[in-house]
Amino acid sequence: MKKVWLFDMDGLLVDTERLHVRFWKEVLPGDPKLIDELLHHTLGTNGEMAKDVAERYTGDRNFMVRHNAEKEKRMRAYVDAHGLMPKKGAVHLLTYLKNHQDTCIVVSSSSYQDVRYALKKAGLDEFFTCYVCGDQVEKTKPDPEIYLKALADYQIKKEEAVVLEDSINGIKAARAADIDVIGIPDLVAIDHLAGDHVAIYASLEDVFSQLSHDSFHLFEK
């Protein structure tokens, strides 16, 4: 039975991916179709991986870096004014896991500061005391480093853990670390990644429903 839950944050726990895309589109110049493709391939990652994608699509490795401060400024102003919404089922699932004394850890490509800020704005900060974030590793998703660090830092056996992810990059990172995955699609289709060690659910609410009725068949859908 799984007792350690490794949660991505953006687009999985908190409805932030749409905001990231919205404000990137406001600040990034160029062909809208190219920008859409660029953003599609950078979901779930950052740092050097995002630079690689930017270079592939624009020929400019620092294309996104130069506009990041303005994008973050606009998004922070919006969130300060309006807050953030937790994703469907997040509160139910986290409450269930807390009541069953399971371990919940945030494993996010975002920085530690941004993770703490977003969880607080979404009202989910009470559920977490453990974090592994993008500014604590050299390589981000789809590289498995961040998940391997989570296993090592918190002395977790991979057989006891499950990763919850919404992005292709995140699912690839978890599987490269040999951890079972529950995928919850957000902005990008992930059904094609379903397999023996990857179960796809429509929402965290559906994961909660399955757990509360039959936790032994979480990966048998």
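Tabulated data for the structure shown
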| read-out | value |
| --- | --- |
| Selection from segment 136-158 of residues that are over 28 Å from ALA189 (Cβ atoms) and at pLDDT below 95 | GLU138 |
| Residue in segment 139-151 that is surrounded by the most Cβ atoms within 10 Å (Cβ to Cβ), counting only those that are in contact (Cβ under 8 Å) with a residue 40 or more places away in the chain and either part of a loop (DSSP other than H, G, I, E, B) or over 15 Å from the mean Cα position of the chain (by Cα) (or both) | LYS141 |
| Pick from segment 152-170, criterion among the hydrophobic types (A, V, I, L, M, F, W, C) and over 21 Å from HIS217 (Cβ atoms), ranking: surrounded by the fewest Cβ atoms within 10 Å (Cβ to Cβ) | ALA152 |
| Boolean, ILE156 is within 28 Å of HIS213 (Cβ to Cβ), in contact with a strand residue (DSSP E or B) (Cβ under 9 Å, 6 or more places away or on another chain) and in a loop (DSSP other than H, G, I, E, B) | yes |
| Long-range neighbours under 8 Å by Cβ, at least six apart or interchain, first residue exposed (fewer than 13 other Cβ atoms within 10 Å of the Cβ) within segment 192-221, second part of a loop (DSSP other than H, G, I, E, B) | ASP196/PHE219; ALA202/ILE184; ALA202/PRO185; SER215/MET1; SER215/LYS2; PHE216/MET1; LYS221/TYR201 |
| All helices (runs of 4 or more DSSP H) inside segment 56-125 with 3 or more residues being surrounded by 15 or more Cβ atoms within 10 Å (Cβ to Cβ) and either aliphatic (A, V, I, L, M) or assigned by TED's automatic domain parsing to the domain that holds GLY170 (or both) | 90-99, 112-122 |
| Residue within segment 38-51 that is among the β-branched types (Val, Ile, Thr) and in contact (Cβ under 8 Å) with a residue 60 or more places away in the chain present | yes |
| Residues located in segment 23-34, provided they are exposed (fewer than 14 other Cβ atoms within 10 Å of the Cβ), touching a residue at least 24 places away in the same chain (Cβ under 8 Å) and in a helix (DSSP H, G or I) | GLU26, LEU34 |
| All positions within segment 35-55 that are surrounded by fewer than 16 Cβ atoms within 10 Å (Cβ to Cβ) and under 20 Å from ILE190 (Cα atoms) | ASP36, GLU37, HIS40 |
| Residue that is nearest to the chain's Cα centre (by Cα), among those in segment 191-214 that are of a type in the set (Gly, Ala, Ser) and under 23 Å from PRO86 (Cα atoms) | SER203 |
| Members of segment 171-190 that are at pLDDT below 95 and crowded, with 19+ Cβ neighbours inside 10 Å | none |
| Any hit, segment 169-192, residues being in contact with a strand residue (DSSP E or B) (Cβ under 8 Å, 6 or more places away or on another chain), in a loop (DSSP other than H, G, I, E, B), farther than 18 Å from TYR147 by Cβ and of a type in the set (Gly, Ala, Ser) | no |
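The values are calculated or read from the model by the stated rules, or taken from the named source; none is laboratory data. Everything quoted here is computed from the prediction, not taken from an experiment. Using ideal geometry, Cβ is built from the backbone for each residue, glycine included, and neighbour counts are taken over all protein chains shown.
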